[in-house]
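Read the structure below first, then the notes.
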Amino acid sequence: MKIIRVFAAALWLGLLPLLTAQVPAAGSSAVPAAPVMKSWLIRLIPPRPTFDKDATAAEQALMEQHFAYWTDLNAKGVCLFGGPVLDPRGVYGILVVRAESEDAARALGSGDPSVKAGVNKIDVAEMRIAFVPVLRVKSGTEK
């Protein structure tokens, strides 16, 4: 019998916050919900398949700005990861970003200095990240 009373008390305490929660009245200024963030794959398309081998000095300077732009967004947690894809048919870049809409993701890609300058183009598609690698740091005792 004591177990039933303990269980009932625990259940009651667990439900108490739900039972006492205030529901905002219609037309009241309730706090808006945080936007739902999605993952987006941005494909950076270079002007030619040989771009990684024959970029001009001006293009290389833009690619340095491109790298700084995405490094900053990575540090802010907006760009999850990115880098070149070494496809033998032609290198291209990929970036995975968090944004609430395709327009917001496209704006991030369009803000890339190499895209703004017209050197690179972008494709954007929603991506559902199923898993990411768990990085393990070896301790001093592991071999």
List the pairs whose first member sits in the stretch 42-69 and is part of a helix (DSSP H, G or I), whose second member is surrounded by fewer than 17 Cβ atoms within 10 Å (Cβ to Cβ), and whose Cβ atoms are under 6 Å apart, counting only residues at least 6 apart or on separate chains? ASP52/VAL91; LEU62/ALA117
Go through the stretch 83-105 and report how many residues are within 22 Å of VAL119 (Cβ to Cβ) and surrounded by 16 or more Cβ atoms within 10 Å (Cβ to Cβ). 7
Filter result for GLY93 (of a type outside the set (Phe, Trp, Tyr) and at negative phi): yes
Any residue in the stretch 124-136 that is surrounded by fewer than 10 Cβ atoms within 10 Å (Cβ to Cβ) sitting within a Cβ distance under 8 Å of a residue that is modelled with pLDDT of 80 or more and not basic (Lys, Arg)? List the pairs, counting only those 6 or more apart or interchain. ARG128/SER39
Which of (1) under 23 Å from VAL132 (Cβ atoms); (2) at pLDDT below 60 is the odd one out, the single condition GLY93 does not satisfy? (2)
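The values are calculated or read from the model by the stated rules, or taken from the named source; none is laboratory data. What you are looking at is a predicted structure, and each value in this text was computed from that prediction instead of being measured. So basically every Cβ, Gly included, is an ideal-geometry build from the backbone, and we count neighbours across all protein chains shown.
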